[in-house]
């Protein structure tokens with residue numbers, strides 16, 4: 001693996017998102033200096049934790065940013081070598097938020113293009129940017145070449161999927177046009193410590209259409225610490241490129257579905273008929289593939 005040494009400074013924007021917070025923690029543990037860029041409507045509990053960390057962590061500096069204010073982004077990126085772009089909306093997703101996230105993604109990439117010190121953007125997207133199409137039930141493999149169909153997402157009001165698909169596509173288009181080195185990570189449903197407290201609305205937004213995802217073998221989840229490690233891995237590995245699907249478990253049996261419900265309790269209540277005994281034995285075909293990430297983790301990377 002071609003791995004870069006820790007750079008002088010990384011920016012995590014928005015650091016108060018669930019994933020952003022864990023990336024920040026992992027970067028500090030690995031010896032990086034970190035700019036924590038926090039939006040005004042960030043997750044308040046995590047924001048408070050970050051500001052408290054700043055008081056005792058000399059390698060952490062907090063910036064207030066508005067992703068629709070290009071200049072505020074530029075200030076937070078000054079002298080940084082990498083940006084971890086995490087734009088999850090803590091309030092969840094609706095039609096208006098789709099446009100705001102796309103505009104924010106464009107502003108972040110453009111700001112990176114205008115900041116000479118930036119070597120790489122790691123763009124945090126989602127599996128929902130790849131799994132939603134009319135023919136999802138007939139696709140054999142859903143991998144990094146797959147994209148969600150925008151018209152399908154709009155018709156079904158899958159706002160999380162629409163926001164993630166449009167924002168990632170816009171980021172890729174601009175990054176290629178401006179010759180910015182970018183890698184994206186597409187996690188499954190993110191779980192982990194206090195996820196129901198710190199990330200409830202994005203979790204529920206991801207799960208819209210969960211029954212169809214489950215039946216089509218594309219419902220998957222992943223631990224937030226692994227997600228954070230993968231973001232840093234694709235940054236540090238100079239050969240990493242393109243998109244990376246990131247998940248630990250595909251949910252394709254009733255047993256796995258109930259396990260996920262338990263993980264997300266009390267956000268999702270356990271169906272009463274399953275509290276004493278599980279029923280059903282159908283196994284749905286797994287369609288998701290993350291071979292590319294597996295190769296990166298094991299031995300290097302493949303484009």
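Summary of computed values
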| item | result |
| --- | --- |
| Among 115, 29, 203, residue whose mean-square fluctuation peaks in a GNM of the chain (springs only between Cα atoms under 10 Å) | 29 |
| Pairwise centroid distance, computed over Cα atoms, of segment 24-48 with segment 134-198, Å | 23 |
| Extension gain from residue 143 to residue 282, taking 0.36 nm per residue of separation minus the Cα-Cα distance | 47.7 nm |
| Order of 185, 297 under a 10 Å beta carbon neighbour criterion, fewest first | 297, 185 |
| Neighbour-count ranking [beta-carbon atoms within 10 angstrom, fewest first] of 213, 176 | 176, 213 |
| DSSP-defined antiparallel bridges as percent of all bridges, the chain, nearest 5 | 10 |
| Order of 59, 39 under a 10 Å beta carbon neighbour criterion, fewest first | 59, 39 |
| Residue 69-residue 178 FRET efficiency (beta carbon distance; Förster radius 25 Å; 0.05 resolution) | 0.80 |
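Read the figures in this text as sums done on the coordinates, not as results from a lab. The structure presented is a predicted model; accordingly, all values stated were derived computationally and were not measured. Neighbour counts run over all protein chains shown; Cβ positions are idealised from the backbone, glycine included.
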